[in-house]
Every structure is written in structure tokens, then in C-alpha cells.
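Down below is the structure, laid out as C-alpha cells.
The values are calculated or read from the model by the stated rules, or taken from the named source; none is laboratory data. All values derive from a computational prediction rather than experimental measurement. Using ideal geometry, Cβ is built from the backbone for each residue, glycine included, and neighbour counts are taken over all protein chains shown. These area figures cover heavy atoms from the full protein model, side chains too; ligands, DNA and RNA do not enter into them. Shrake-Rupley method; radii C 1.70, N 1.55, O 1.52, S 1.80 Å.
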Amino acid sequence: MANHKSSLKRIRANATKRLRNRYQAKTTRTFIKRLRAAEDKKSASDLLPKVISMLDRLAKKNIIHKNKAANNKSKLTKFVNGLKISQFFYDIKAS
């Protein structure tokens, strides 16, 4: 057990930061799963900028490595660009 006042404070601060980092990382992973589960291009395109922003924030704070963030962004962008526009969207434009 630490004896110095500053080391006790550092232990408390690290625990708080660890919880915050885990929450942000888990939230980002959840949004990535939602994006991958998207069926049509419109909803995925709306969600993509938010996910990219979350990944950039995690990389900036060194919660994940910057290359991992870049790889995730690349794969997710490819996924969204490969989606087809839903038939419902075509029906709205046609009428």
C-alpha cells in the first residue's frame, strides 16, 4: 500500500481515468457494431461521421493506437461505400 499522499491521490486519479477510458472505448465498440449491422446506406452514412469522431478521440487520448483507429476508419468507410441504397429510398425519389 502506498504511503505518500501524492501516490494515494495518483491511485484514485488513475482509477477514475481507467473507468472513463473503458466507458468511452466500450461505447465506441458498440457504435461500430451498430454501424456494421446497418442495412441501408443512408443510416450507415449518417452514423459513420460520429463513429470516426469517436475513434479519433480515442486515438488522440492514446486509449487505442492511432494505426488501429486508422484501420477501423478505413474498413468502416469501405463497408459503408459498399452498401446499396435501400429500395425504400428509391421509391421515395421516384414518387
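Give all pairs with beta carbons closer than 9 Å in which a residue from segment 56-82 that is within 17 Å of residue 42 (Cα to Cα) meets a residue that is in a helix (DSSP H, G or I) and open to solvent by 60 Å² or more (accessible area, probe 1.4 Å); count only pairs at least 6 apart in sequence or on separate chains.
From residues that are within 17 Å of residue 42 (Cα to Cα), the pairs are 76/36; 79/36.
State whether one or more residues within segment 32-39 are in contact with a helix residue (DSSP H, G or I) (Cβ under 8 Å, 6 or more places away or on another chain), modelled with pLDDT of 95 or more and open to solvent by less than 50 Å² (accessible area, probe 1.4 Å).
Yes.
Among (1) open to solvent by less than 40 Å² (accessible area, probe 1.4 Å); (2) assigned to a helix (DSSP H, G or I), where does residue 29 come up short?
Failed condition: (1).
Of these, 41, 17, which one is over 11 Å from the mean Cα position of the chain (by Cα) and in contact (Cβ under 8 Å) with a residue 40 or more places away in the chain?
Values: 17 fails: in contact (Cβ under 8 Å) with a residue 40 or more places away in the chain.
Of 41, 17, the one residue that is over 11 Å from the mean Cα position of the chain (by Cα) and in contact (Cβ under 8 Å) with a residue 40 or more places away in the chain is 41.
Between 78, 73, which is closer than 20 Å to residue 22 by Cα and part of a helix (DSSP H, G or I)?
Values: 78 fails: closer than 20 Å to residue 22 by Cα.
On inspection, the qualifying residue turns out to be 73.
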